[in-house]
1. Among A:22, A:136, rank each residue by its count of other Cβ atoms within 10 Å, from fewest to most, as a rough exposure measure.
2. Starting from the Cα gyration tensor of region A:1-83, take the square roots of the eigenvalues, sort them a ≥ b ≥ c, and report rounded, prolate or oblate (rounded when a/c is under 1.5, otherwise prolate if a/b is larger than b/c, else oblate).
3. Can you give the helix-only mean residue ellipticity at 222 nm for the protein assembly as shown, where every DSSP H stretch with n ≥ 4 adds -39500 (n - 2.57) and the sum goes over all residues, rounded to the nearest 500 deg cm²/dmol?
4. Just tell me how shielded A:21-31 is by partners: mean number of partner chain Cβ atoms within 10 Å of each residue's Cβ, no decimals.
5. For region A:104-151, just the Cα atoms, rotate onto the principal axes and tell me the three extents in Å, largest first.
6. Kirkwood hydrodynamic radius (Cα pairs, Å) of the protein assembly as shown?
7. Please compute the contact order of chain A in relative form: average sequence separation of alpha-carbon pairs under 8 Å and at least six residues apart, divided by the residue count, as a percent.
8. Where the centroid of each part is defined by its Cα atoms, how far is region A:37-67 from region A:210-249 in Å?
């Protein structure tokens with residue numbers, strides 16, 4: 001290769017090593033709350049180094065293509081990533097992961113086209129096909145995960161009879177086409193393989209729904225990492241192998257950690273059906289002769305104002321209503337009256353793990369007041385009021401008590417152990433999982449219907465007046 | 001490149017262990033930022049996209065090269081910006097009062113020290 005400047009292949013590899021070290025340090029830093037911000041910066045540094053050296057050593061003839069592609073990419077990506085509200089973050093991760101998978105697929109396909117006239121050796125063929133298949137699965141899977149989270153299509157699991165058989169057939173078809181292509185390199189079968197892999201990606205994502213979707217995105221993230229690593233083998237490029245493998249391996253572990261945090265096994269998630277198929281005892285209609293107690297803001301405000309200890313339990317409803325600032329204001333007003341206030345954070349409240357921490361931190365809630373699940377569960381028995389703001393599944397006692405419930409086994413916040421439970425909810429509709437919550441009908445529960453932000457604003461006024 | 005396939009296999013195998021090891025102690029609140037951060041890192045596929053774009057022969061390969069560079073840039077830039085926005089929410093939290101992963105006991109005093117008097 002004759003680049004803009006000459007860097008020997010050894011030199012290039014040495015610089016790639018520097019960049020690889022940056023990626024390892026970035027992942028390490030991103031796993032600790034104290035250094036997470038440095039992690040992202042170190043990752044960027046590694047990226048800049050690797051991209052710059054690659055740009056300098058390559059044939060500059062087509063630099064205009066690269067410049068145009070990068071320019072357009074940046075113009076599209078920056079505003080999208082900046083302007084989408086925090087509630088849309090899981091979707092954004094999904095879509096930016098999907099395009100990475102798409103790029104990996106396009107690269108392997110193009111390299112195949114490039115080599116086809118001179119013949120493609122079997123080993124390279126296998127590498128190309130792996131990158132193409134996994135990249136396509138990641139692309140279409142992420143696109144559908146995006147559509148689910150963005151509510152372009154239903155967020156619930158989509159199931160049909162024989163679904164696993166169909167997915168199995170698609171999987172076998174990918175492998176079979178792969179073997180055919182390696183034996184007799186042709187363009188037709190490779191395009192067919194890409195299409196089947198795209199269909200398989202959709203097939204894998206359809207039955208996964210509800211709160212499982214972020215775990216699925218993590219799995220697809222890991223897949224994209226592997227596709228990138230495979231492209232590294234295709235192009236004999238060390239940095240792609242290192243970075244892709246790091247993401248593939250850490251992504252796989254992270255996927256497991258995320259599903260563990262929800263008390264769900266990974267096969268369980270992939271096979272899907274969460275909250276879709278009515279499991280035994282799950283389909284108790286909300287209006288089955290049970291009554292709920294709904295209160296008005298003045299009553300609840302008074303209850304809060306004369307409590308000793310209040311735990312605020314935020315959920316997705318708080319995120320949707322962008323109510324985090326009002327929630328923190330309510331906490332301050334209560335604290336001003338001598339009430340002890342803290343926030344009980346379920347690790348998967350909202351639609352991504354850590355969602356609530358992010359929102360409350362944005363609203364300047366003191367870090368010390370954010371109680372993790374175990375800590376909060378120690379405190380509920382001595383809590384006067386558990387104020388549940390737009391959360392449902394993560395406080396549903398069925399996860400603890402009802403083995404027939406689809407969410408059985410998920411660790412929950414034991415709000416039912418508090419003396420009083422106040423739910424701020426838009427309606428009696430069940431949560432993201434589609435599972436009804438018996439706690440809503442408990443005599444010690446009071447409901448305040450309405451948008452979380454409006455309800456909290458009313459409560460702030462009521463507490464001030466009390 | 002001067003690497004043989006076997007060198008890459010060695011690199012691959014070591015990177016698998018490193019990938020597992022390096023994030024094994026992540027607390028749950030950082031699951032999503034970590035996912036987003038590693039999402040940005042696989043945007044390094046841009047390097048591969050640049051290689052195929054620079055070697056492209058004919059309009060088809062050049063178009064595919066352009067598409068690959070475009071998609072990979074979306075991955076990098078989008079991934080980094082989203083991660084940055086997520087992590088932005090963690091910054092500037094009273095560094096003095098921060099304890100290990102919030103694993104402190106009841107923090108009544110800290111909570112009240114932080115609160116503003118009600119109007």
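Bear in mind that the values in this text are calculations on the coordinates, not laboratory data. Since this is a predicted model, take the numbers as computed values, not measurements. Glycine also receives a Cβ, built like all others from the backbone with ideal geometry; neighbour counts cover every protein chain displayed.
1. A:22, A:136
2. The shape class here is oblate.
3. Working: 22 runs with 350 residues, N = 585.
Value at 222 nm, helices only: -20000 deg cm²/dmol.
4. Working: counts 0, 1, 10, 6, 1, 7, 10, 6, 3, 14, 11.
Across the residues of A:21-31, the mean count of other-chain Cβ atoms within 10 Å is 6.
5. That gives 47, 16, 9 Å along the principal axes, largest extent first.
6. 24.9
7. Numbers: 804 pairs, mean separation 62.8, N = 466.
It comes to 13 percent, rounded to a whole number.
8. 19
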